[in-house]
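Notes for the one structure printed next.
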Amino acid sequence: MIAFPLEPAAPLDADAGGVSIGIVGAGQFSGSFAALWDLHPGVGGLRVTDLRPERARELADRLEGATVDDTFEEMLASDVDAVAIFTQRWTHAPLVLQALEAGKHVYSAVPMAVEITEIEQILAAVERTGLTYMMGETSYYNPATVHVREQHRRGALGRVFYSEGDYVHDMDLGFYAAYQHSGGENWKATASYPPMLYPTHAVGGVLGAIPARAVSVSCLGVPDDRDDGVFDREVSMFDNDVSNATALFELSDGGVLRTNEMRRVGYPSPIRESRFRFFGTRASFEQLAHQTVWNDKEESRDISEQFVPGRGDVDDADLAGVDPALHAAFTSGTAAVHDRTRLPAAYDGAPNGHEGAHHFLADDFVRAVVTGERPPVDAWRAAAFTAPGIVAHDSMRDGGRRIEVPDFGDGPAR
């Protein structure tokens with residue numbers, strides 16, 4: 001894998017450009033990013049569209065000067081420079097491809113795709129058009145990933161031979177309400193979404209810290225026994241009855257990565273949804289819900305304070321309709337390990353989320369479009385974060401058979 005890009009040194013010049021961005025999908029998640037782009041000095045205008053027009057109008061009314069498009073096609077036919085896709089998970093790739101073909105830069109919520117062929121098509125379209133594609137993976141700026149990425153650069157861990165990334169988010173803690181909000185009457189059919197097809201909050205946090213890729217995987221799943229109609233194969237549009245899955249990956253650097261995707265788990269996911277462990281020949285890093293520890297061969301140090309995200313004031317209107325169990329994810333701010341000096345001054349005190357990731361993600365996309373530079377989680381890194389889960393899902397469906405993960409390369413030189 002390519003070396004990680006250097007972090008920007010300073011805020012983007014306010015006169016760098018006036019990028020216009022179209023928000024596709026006005027659900028619970030998109031409003032947080034729309035508000036940040038509305039504040040960004042490099043953004044000149046916003047448009048909004050949703051299959052439910054009233055939701056599009058409601059979001060646009062909260063943004064300064066935003067306009068509403070009746071359809072996605074109408075938005076693509078406009079002079080908007082870029083689109084940001086916040087729709088149902090399995091719809092991302094088709095909409096991304098449609099936008100790239102229309103000549104628009106694209107920001108996509110995770111995951112990049114649900115099929116390997118979709119990843120291949122997106123990479124081909126980005127390479128052919130030269131447009132920016134960025135996947136909004138929050139774990140790339142998770143405090144643990146930021147810290148370990150820097151420690152790895154310095155060689156502090158030695159050779160990292162084993163790592164873990166878990167996404168532990170119980171359905172009871174906000175997901176029922178989220179699926180009901182987005183899925184309507186048939187929400188149970190979509191709430192059975194396979195755990196390993198949403199892998200990037202776990203896999204991306206590890207591969208965002210160490211420069212390796214997944215080479216092969218073996219995965220096992222645990223069939224659900226809640227018997228409430230969710231994860232019922234007869235109801236599921238994905239033919240899925242598995243709520244928890246565990247995968248073991250071989251990495252390109254000779255190391256091993258274990259990851260868990262859990263949707264039925266007695267764990268306080270609002271405190272820390274994604275958690276990580278890295279074991280190296282010189283030192284190791286371990287996380288629990290509240291505690292973060294750095295170990296070497298002589299001592300163990302509690303470094304938890306560096307990873308506690310701040311909490312900011314949030315307008316209740318911005319969280320309207322969001323289940324209280326999800327509020328923490330939408331209100332957490334940056335931690336001590338984050339370098340905020342590269343962010344726009346307008347973001348000081350602005351709503352943040354996912355342990356400080358939202359500010360960096362929103363700024364990264366604008367920078368990429370304005371400067372033409374590849375964002376940290378560009379199409380090729382997005383593929384490296386997404387494809388392992390797709391192949392892990394296939395392995396799980398085949399009894400845990402070990403399967404190779406395709407290598408999509410690094411793309412054009414940065």
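The values are calculated or read from the model by the stated rules, or taken from the named source; none is laboratory data. Please read all numbers here as calculations on a predicted model, not as lab measurements. Here the Cβ is made from the backbone with ideal geometry for all residues, glycine too, and neighbour counts use every protein chain on show. Note: areas computed on protein heavy atoms with side chains; ligands, DNA, RNA excluded. Shrake-Rupley method; radii C 1.70, N 1.55, O 1.52, S 1.80 Å.
Here the condition is being outside any strand (DSSP E or B), of a type outside the set (A, V, I, L, M, F, W, C), farther than 20 Å from GLN88 by Cα and within 19 Å of the chain's Cα centre (by Cα); of GLY174, GLY205, it holds for GLY205 alone.
Take the conditions (1) surrounded by fewer than 16 Cβ atoms within 10 Å (Cβ to Cβ); (2) touching a helix residue (DSSP H, G or I) at 6+ places or on another chain (Cβ under 7 Å); PRO268 misses just one of them, which is (2).
Only one of (1) touching an Asp or Glu at 6+ places or on another chain (Cβ under 9 Å); (2) more than 30 Å from ASP407 (Cβ to Cβ) fails for GLN98. Which number is that? For GLN98, the exception is condition (2).
Answer yes if at least one residue in the stretch 356-374 is free of Cβ contacts under 8 Å to residues at least 24 places away in the same chain and assigned to a helix (DSSP H, G or I), and no otherwise. No, every residue in the stretch 356-374 fails to be free of Cβ contacts under 8 Å to residues at least 24 places away in the same chain and assigned to a helix (DSSP H, G or I). For beta carbons closer than 6 Å, sequence separation of 6+ or different chains, a first residue in the stretch 66-85 that is free of Cβ contacts under 8 Å to residues at least 40 places away in the same chain and a second that is among the basic types (Lys, Arg), the qualifying pairs are THR67/ARG47; VAL68/ARG57. Tell me whether the stretch 198-205 contains one or more residues that are of a type outside the set (Gly, Ala, Ser) and over 25 Å from GLU250 (Cα atoms). For the stretch 198-205, residues of a type outside the set (Gly, Ala, Ser) and over 25 Å from GLU250 (Cα atoms): absent.
Considered as a group, the residues in the stretch 333-387 that are over 17 Å from GLY208 (Cα atoms) and hydroxyl-bearing (Ser, Thr, Tyr) include one that is modelled with the lowest pLDDT, and that residue is THR334.
Reported count of residues in the stretch 67-103, each being of a type in the set (Gly, Ala, Ser) and open to solvent by less than 20 Å² (accessible area, probe 1.4 Å), is 4. Evaluate the following for ALA317: is it open to solvent by less than 60 Å² (accessible area, probe 1.4 Å), part of a helix (DSSP H, G or I), hydrophobic (A, V, I, L, M, F, W, C) and modelled with pLDDT under 95? Spelling it out, ALA317 is indeed open to solvent by less than 60 Å² (accessible area, probe 1.4 Å), part of a helix (DSSP H, G or I), hydrophobic (A, V, I, L, M, F, W, C) and modelled with pLDDT under 95.
Give the residue, chosen from PHE278, PHE249, that is in contact with a Phe, Trp or Tyr (Cβ under 6 Å, 6 or more places away or on another chain) and either on the phi < 0 side of the Ramachandran plot or not hydroxyl-bearing (Ser, Thr, Tyr) (or both). Write out each step before concluding.
On the way: PHE249 fails: in contact with a Phe, Trp or Tyr (Cβ under 6 Å, 6 or more places away or on another chain).
On inspection, the qualifying residue turns out to be PHE278.
A quick yes/no check of all residues on (1) touching a His at 6+ places or on another chain (Cβ under 6 Å); (2) buried (at least 19 other Cβ atoms within 10 Å of the Cβ); (3) among the charged types (D, E, K, R):
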| position | (1), (2), (3) |
| --- | --- |
| THR129 | no, no, no |
| THR132 | yes, yes, no |
| GLY136 | no, yes, no |
| ASN142 | no, yes, no |
| VAL146 | no, yes, no |
| PHE161 | no, no, no |
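Screening ALA350, ALA383, ALA392 for residues that are open to solvent by 10 Å² or more (accessible area, probe 1.4 Å) and small (Gly, Ala, Ser) leaves exactly one candidate, ALA350.
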